Each structure stands twice: as C-alpha cells, then as structure tokens.
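Peer 1: Mind looking over this structure? Questions follow.
Just so it is clear, none of the values below were taken in a lab; they were calculated from the coordinates. Treat the numbers as computed from the prediction; the structure is a model and nothing was measured. As a convention, Cβ positions derive from the backbone with ideal geometry for all residues, glycine included, and neighbour counts pool all protein chains shown.
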Amino acid sequence: MPDTLRLTLSIDDDAREPLVADLSDLGFDAFEETADGVVAYAPAPRWDGTTREAVAGLLRQRGLDARAMTEEIVPDQDWNAQWEASLQPIEAGPFVVAPSWTEVPPDLAGATVLRIDPKMAFGTGYHETTRIVLRLLADVVPAGGRVLDVGTGTGVLAIAALRLGAASAVGVDVDPWSVTNGRDNAALNGVEDALDVREGSIEAVPEDGFDLVVSNIIRSILEPLLPLLVAKARPEAPVVLSGLLATERERVVGVMAGLGYGLREEASENEWWGGVWLAGARGSGFAPLTGNGK
Ligand code: SAH
C-alpha cells in the first residue's frame with residue numbers, strides 16, 4: 001500500500017457533496033465530513049502537480065482559494081499500525097471476533113473464536129448490526145444445514161454459522177473486495193471448503209431450500225430484496241435480518257408479515273435492531289434480548 005494523502009478542506013455545508021463528487025473523479029477514494037469541511041484521502045502517488053492544480057481549480061470555481069486546503073502525507077506504516085491496534089477482540093453471543101494478529105484474552109477462552117481480518121470489507125464484529133446477528137444465531141443454526149448469507153462482507157456471519165454446526169454456506173456480496181476478503185477469512189477459519197463466496201446479490205444464487213437465511217444490510221437496500229430472500233429459505237427455515245434501526249421495526253415487521261413471516265425473537269444494541277422470523281409464526285412470545293451486546 002502506498003502512503004496516503006490527507007487533504008483537509010474548509011468548505012460550507014451545501015458545497016460539500018458536489019465537491020466530493022469532483023474529488024472522486026480525480027482519484028480521491030475516501031471522505032470524512034468534519035465540522036467545517038471535508039477530509040479527502042487518495043493514494044499519495046496521485047498527488048502530483050497536475051492533481052494539485054486540479055483541486056485548486058475546483059476550489060477557485062467555488063470562490064475559495066488554495067488556503068482553504070491543507071495537505072498532509074500519512075505514511076503507510078502508521079496508517080496500518082494505528083488501524084490494526086484499534087481492532088481488538090470483541091464478544092458477541094457465544095463468539096469472540098478477533099483479527100488474526102490479536103491474542104484472545106484467557107478469560108474468553110471458552111468462546112468460539114472467529115478470526116476475521118476486515119481489510120476493506122465491512123463486518124469486523126465491531127458494528128452493532130453484526131453483533132446482533134451473532135447473538136441471535138446461537139439459537140437458530142441448524143446442525144448440518146445449508147446457510148445463505150446475503151451481503152456477506154467479511155464473511156463473518158456465514159463463518160459463525162459454520163462454526164455453530166451448519167454444513168455449508170453460500171455468501172454473496174456486490175462488493176468485489178468483500179468477495180476476496182470473505183474467501184480469505186473462510187481460509188483463516190478453516191472453513192474454505194464449506195463457504196462458497198460469490199460476487200453479486202440474490203441473483204447469483206440459483207439454489208433454494210436453504211435451512212437458514214441471514215442478511216445484515218441497511219433497510220433501504222434490504223426491504224426490496226425481502227421477497228427474493230425469503231423465497232430462498234425452505235418453509236420451516238428461520239430468516240435472520242439486521243442492519244435495521246429500532247425505529248424501522250414496525251415497518252419491517254409489517255413487510256415480513258405480508259410475506260407470511262412472524263417475528264420470533266429480536267435483539268437490539270444502541271439504535272440498531274434485528275430479529276429472527278419464521279414462516280407462519282405470530283408475535284414474538286420470546287423475551288427480547290437487549291443491552292450492550294454480550
Ligand atoms: N454480513 C456482514 C457485512 C454486513 S455490511 C456483517 O454482518 O458484518 C452489508 C454488506 O452488504 C456489504 O458488504 C455490502 O457490500 C453488501 N451489499 C449491499 N447491497 C447488497 C446487495 N444488494 N446484495 C448483496 N450484498 C449487498
């Protein structure tokens with residue numbers, strides 16, 4: 001990995017979105033919004049006179065001068081070390097999710113350890129939505145069953161299901177980075193023969209009759225996928241959904257009811273929410289799991 005250029009720009013709210021679009025055309029590939037502007041990142045080798053002039057041009061077009069911009073090179077070494085140090089083992093349900101370079105503390109030795117190196121993919125186990133599924137999975141993974149994980153990211157949920165006794169899993173993701181990362185993580189956990197990671201969405205899965213279907217994707221993407229997603233499950237199979245906000249609960253429960261599914265169990269952490277559905281089940285009847293994720 002090359003060094004990274006960090007460009008800090010002071011710019012008004014309404015000018016930020018179009019500026020970010022123009023910067024991504026110039027090769028900037030990550031952005032952060034701050035109180036008074038935008039921080040943009042690009043591989044440092046791209047930062048030559050031509051690019052600097054192009055960015056200065058973008059600022060001039062908006063009536064700003066180059067003083068609105070601060071540039072800084074972040075050495076690759078520091079960048080990686082900082083990021084790696086920030087990822088520590090975390091507990092979720094019966095699991096500890098831990099990057100391969102960390103040691104699992106002895107007091108967690110009884111847990112099922114999932115070795116997940118996130119790279120560019122989402123799903124470190126640090127996100128509440130991932131942890132919600134990990135907690136819910138413990139009761140619903142069918143021994144010897146086939147699992148479908150839509151939006152697999154790092155592969156963490158599929159790998160967790162395999163470690164809990166599922167025989168095989170298919171993970172799909174529209175993001176090519178996730179596909180590579182999911183495969184790497186499968187190998188790291190010794191389940192590469194059982195986890196089939198494919199690029200794409202549900203259309204990349206011609207099979208059906210899965211014994212468990214899981215998906216952790218934000219509601220705006222997930223909701224339109226739900227009819228296709230439940231069609232992949234065999235009639236008695238649980239469907240586990242996360243990536244949802246607690247405020248979206250009623251809406252999603254309604255959509256799933258329309259598809260013939262009842263909420264069977266649920267969990268939340270901070271503002272996030274997820275649940276387990278079964279075809280035909282009415283109401284929850286289970287005490288909700290809440291709190292901070294253990
Ligand atoms: N399952 C992981 C990752 C969840 S993040 C975990 O629980 O931690 C959501 C993932 O869904 C991202 O990797 C994103 O690339 C993927 N995604 C987004 N839209 C999708 C779609 N329409 N079909 C399949 N995957 C999708």
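Peer 1: By how many nm would the segment from residue 109 to residue 16 lengthen if fully extended, with 0.36 nm per residue of separation less the alpha-carbon distance?
Peer 2: Computed gain between residue 109 and residue 16 is 28.8 nm.
Peer 1: Can you tell me how much longer the chain between residue 257 and residue 167 gets when fully stretched, taken as 0.36 nm per residue apart minus their C-alpha distance, in nm with one decimal?
Peer 2: 29.5 nm
Peer 1: While we're looking at this one, here's another question. Could you work out the relative contact order of the chain, using alpha carbon pairs under 8 angstrom and six or more residues apart, expressed as a whole percent?
Peer 2: Numbers: 599 pairs, mean separation 37.9, N = 294.
Relative contact order here is 13 percent.
Peer 1: Extending each Cα 7 Å along its Cβ direction at residue 119 and residue 101, get the distance between those two points in nm, one decimal.
Peer 2: Roughly 1.5 nm, to one decimal.
Peer 1: If each DSSP helix of 4+ residues adds -39,500 (n - 2.57) and the sum is divided by the residues in the chain, what number results at 222 nm, nearest 500 deg cm²/dmol?
Peer 2: -9500 deg cm²/dmol
Peer 1: Obtain the nm distance between the two label points defined at residue 34 and residue 86 by a simple spin-label model: each point lies 7 Å from its Cα along the Cα-to-C-beta direction.
Peer 2: 1.5 nm
Peer 1: A follow-up question, please. How much length is gained if the chain between residue 249 and residue 26 is pulled fully straight, taking 0.36 nm per residue apart and subtracting their Cα-Cα distance, in nm to one decimal?
Peer 2: Here the segment from residue 249 to residue 26 would lengthen by 76.3 nm.
Peer 1: Enter the angle in degrees (range 0 to 90, nearest 10) between the Cα long axis of helix 13-25 and the first principal axis of the Cα atoms of the chain, meaning the one along which they spread out most.
Peer 2: For helix 13-25, the angle is close to 90 degrees.
Peer 1: From Cα coordinates alone, what are the radius of gyration and Dmax values for region 158-242 in angstrom?
Peer 2: In order Rg, Dmax, the Cα atoms of region 158-242 give 12.6, 34 Å.
Peer 1: For region 196-274, would you read off the P(r) tail past 21 Å as a percentage of all alpha carbon pairs? Each step should come with its number before you reach the end.
Peer 2: On the way: 742 of 3081 pairs.
Of the Cα pairs, 24 percent sit more than 21 Å apart.
Peer 1: When the gyration tensor of region 92-226 is built from Cα positions, what are the square roots of 5 times its three eigenvalues, in whole Å, from largest to smallest?
Peer 2: Ellipsoid half-lengths, sorted descending, are 22, 16, 14 Å.
Peer 1: With the crude spin-label approximation of a point 7 Å out along Cα→Cβ, what separation in nm comes out for residue 46 versus residue 62?
Peer 2: Here the modelled spin labels are 1.6 nm apart.
Peer 1: Next question. Can you list the residues, at least 5 places off or on another chain, whose amide H is less than 5 Å from the amide H of residue 113, using H built in the peptide plane?
Peer 2: Here the answer is 96, since their amide H atoms fall under 5 Å of that of residue 113.
Peer 1: Separate question: Under 5 Å between amide H atoms, partner at least 5 residues away or on a different chain: which partners does residue 3 have, H built in plane at 1.01 Å?
Peer 2: HN-HN under 5 Å from residue 3: 44, 76.
Peer 1: Which values, in whole Å and largest first, are the semi-axes of the equivalent ellipsoid of the chain obtained as the square root of 5 times each eigenvalue of the Cα gyration tensor?
Peer 2: 39, 22, 18
Peer 1: While we're here: Using Stokes-Einstein with the Kirkwood hydrodynamic radius over Cα pairs, what translational diffusion coefficient do you get for region 136-294 at 37 °C and a viscosity of 0.692 mPa s, in µm²/s rounded to a whole number?
Peer 2: The diffusion coefficient I find is 211 µm²/s.
Peer 1: Can you tell me how region 4-83 classifies by the Cα gyration tensor, rounded, prolate or oblate, using a/c under 1.5 as the rounded cut?
Peer 2: Prolate, because a/c is 1.5 or more and a/b exceeds b/c.
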